[in-house]
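Please read the structure below before turning to the comments.
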Amino acid sequence: TMPKSGKRSIRSGLKKGKAEGITFHEDTGRALEVIDEYYAVMEETAKRDGFRPHPKEYYLSLLQTLGPKHARIFSMRDAWYGLRRFMRDSEGAVLCWDLCLVQGIRAQAEYGASTDKARRLRQPPALDFLAAAALASEGVRGFDLMGAHSARCPELFRVGKYKIAFASHFTDVPGGWEMPVKRTTYRSLRTAMSVKRRMRRS
């Protein structure tokens, strides 16, 4: 169901990546070893797109708590680390990455980040495509890219605008908002939350 423009985008990204020696990797089994590289890319993405990332420990905790069965990390890596690594390594620096959550036959790209170079070479859509293919080979049948479009939150659209290349239409998913039915209970909960936050700050 991918539109023609989406197919062209994927082919272009794969072709550019091959020409540059960029390779696809799964780093799930060594999250602790690579978390600093991944977080540096997240910080670059946050600065460019105007949001505040979670602390580094949050992403690491998510991976460790859910385990490799339910939390996976994939990346596109440059051909070489560069002179700082004296070109001894067979894999290069992280250009873009996806942290995917998996439950049964469903998966979603929960978090992701990309460098300017990755965007210039169209690697984010190539990464999403290869991650989806890798998970599909293990039996996953649904892959939610999340945040492709939202009429209720249009400011997030540019963060993942390229994601519309993967489908002919977007799927509107209701947000997780709460509506207070018991107003007294709701006010009590809000008061308790404010007290809890004040205690944390002190």
Please list, ordered by first then second residue, the pairs with beta carbon atoms under 7 Å, 6 or more apart or interchain, first in the range 109-137 and outside any strand (DSSP E or B), second acidic (Asp, Glu).
Thr115/Glu44; Leu121/Glu20; Leu127/Asp98; Asp128/Asp98; Ala131/Asp98; Ala134/Glu26
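Determine whether Cys100 is at pLDDT 95 or above, over 20 Å from Arg141 (Cβ atoms) and outside any helix (DSSP H, G or I). It would help to see each step written out before you state the result.
On the way: at pLDDT 95 or above: yes; over 20 Å from Arg141 (Cβ atoms): no; outside any helix (DSSP H, G or I): yes.
It is false that Cys100 is at pLDDT 95 or above, over 20 Å from Arg141 (Cβ atoms) and outside any helix (DSSP H, G or I).
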Within the range 41-66, which residues are in a helix (DSSP H, G or I), loosely packed, with under 12 Cβ neighbours inside 10 Å and of a type in the set (D, E, K, R)?
Lys47, Glu57
I need a count of the residues in the range 114-138 that are open to solvent by 20 Å² or more (accessible area, probe 1.4 Å) and small (Gly, Ala, Ser).
5
Taking into account only those residues within the range 8-23 that are in contact (Cβ under 8 Å) with a residue 60 or more places away in the chain and part of a helix (DSSP H, G or I), which is farthest from Tyr162 (Cα to Cα)?
Glu20
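Going through Phe157, Phe170 one at a time, which residue ends up being open to solvent by less than 60 Å² (accessible area, probe 1.4 Å), at pLDDT below 90 and of a type in the set (Phe, Trp, Tyr)?
Details: Phe170 fails: open to solvent by less than 60 Å² (accessible area, probe 1.4 Å).
Within the list Phe157, Phe170, the selection yields Phe157.
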Across (1) at pLDDT 95 or above; (2) closer than 21 Å to Val102 by Cα; (3) open to solvent by 50 Å² or more (accessible area, probe 1.4 Å); (4) in contact with a Leu (Cβ under 9 Å, 6 or more places away or on another chain), Leu14 clears everything bar (2)
Of residues in the range 140-149 being among the small types (Gly, Ala, Ser) and open to solvent by less than 30 Å² (accessible area, probe 1.4 Å), the one modelled with the lowest pLDDT:
Ala148
Could you check Ala136 against (1) at pLDDT 95 or above; (2) touching a Cys at 6+ places or on another chain (Cβ under 9 Å) and say which number it fails?
(2)
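The values are calculated or read from the model by the stated rules, or taken from the named source; none is laboratory data. Everything numeric here is computed off the predicted structure, so don't read it as measured data. Glycine gets a Cβ as well: all are built from the backbone with ideal geometry, and neighbour counts include every protein chain shown. To get the accessible areas, we keep the full protein, side chains included, count just its heavy atoms, and leave off ligands, DNA and RNA. Shrake-Rupley method; radii C 1.70, N 1.55, O 1.52, S 1.80 Å.
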